Amino acid sequence: MPKKIEISHRTIIFTAAFLLILWFIYAVRDIILMFFVSVIIMSALHPAVDRLEKLRIPRGLAIAMIYIILWTIIGGIIASIIPALVEQTSRLIRLLPNAIYHIEFFNSRQQLITEQLLTRIGSLPENLLKVTLGLFSNIINVLTTIVISFYLLLERKHLNKYLGILLADESPGRASKTISEIERRLGSWVRGELVLMAAVGLLTYFGLVILGIDIALPLAILAGILEIIPNIGPIISAIPAVLIAFLIHPLMGVSTAALYFLVQFLENHILVPKIMQRAAGVNPLISILSLMIGFRLYGPAGAILSIPLVIVIQTIGLEFFSLRHLEELSA
């Protein structure tokens, strides 16, 4: 006779509750993403806020000062490079099709690519309202994230106590220690990546200018942005620069490829050990896998936030296993 399978009421309730929690997380995923970005910003700015507070500046005023200084610097940089960036980017857009045309793979599929581009261009008027609404929504999200990070910084000293109560922390200071470690590693990662992106962008820019490539600015910005993707990012950023350089002269193409190789060498052997030595280290293979999964699930935003999420999971996991190990030793 077949065995009778019995499922307890507790199992049914637990399964239903688990599925309900998963559904809730999926429903509010945008809010969770926004909050996570706010936590990353808080982690990056918290040391600077603490330093100003030690100078007897009220915490709220210190946070406001840092935000004003940051936005002034960012606004000044954007305002100074926008004219050259627009002009050079338009020139880059004109040059790229010619560079792609010389590649046999794309040349054989030129008609298909052209038809797809024309189709996309034809649908632009229909999508104009959608793009405008999306841009407005993104601006609102950015402002909301800034406000949330402001209040997180303002209430940072009380977060340990709140989370300790929420997690029913039986060991005094355990939640505080874990949160502080997550904050330290996230903050170090953000600050280190920003410095690396700036360094790679500047090295690439000056190198391209020396080589005589007059569209160095957009190519250098692309190299700086893609630096966040380990190993693959520099290769992707080098492709348009090398293609355009080969159009000018084969020797120029080889020189440009050598420049990107040199920048990558300096980054891996000098910049990363010096700048990221105190930052959170994540295995390159795990980084690439998490970036791919993040991009697949949530596009570019998911790819960017995948490494910080790995850092959080890794820190919590290490804290949990070290605690279990200590409990086993004391048993």
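Read-outs: derived from the displayed coordinates by stated rules, not from any lab. Keep in mind that this is a model prediction, so the values were computed, not measured. Neighbour counts are summed over all protein chains in view; Cβ atoms, including those assigned to glycine, are modelled from backbone coordinates with ideal geometry.
Assorted remarks:
- Within segment 174-233, the set of residues being over 13 Å from the mean Cα position of the chain (by Cα), assigned to a loop (DSSP other than H, G, I, E, B) and buried (at least 17 other Cβ atoms within 10 Å of the Cβ) comprises 213, 215.
- Enumeration of residues in segment 186-207 that are more than 15 Å from residue 272 (Cα to Cα) and either touching a helix residue (DSSP H, G or I) at 6+ places or on another chain (Cβ under 6 Å) or polar (S, T, N, Q) (or both): 186, 187, 204, 205, 207
- A residue that is more than 29 Å from residue 294 (Cβ to Cβ) and either of a type in the set (Val, Ile, Thr) or touching a Leu at 6+ places or on another chain (Cβ under 6 Å) (or both) occurs somewhere in segment 34-57.
- In segment 36-74, the residues that are in a helix (DSSP H, G or I) and among the β-branched types (Val, Ile, Thr): 37, 39, 40, 41, 49, 63, 66, 68, 69, 72, 73, 74
- The combined condition, being under 22 Å from residue 91 (Cα atoms), of a type in the set (A, V, I, L, M, F, W, C) and surrounded by fewer than 17 Cβ atoms within 10 Å (Cβ to Cβ), is fulfilled by residue 247.
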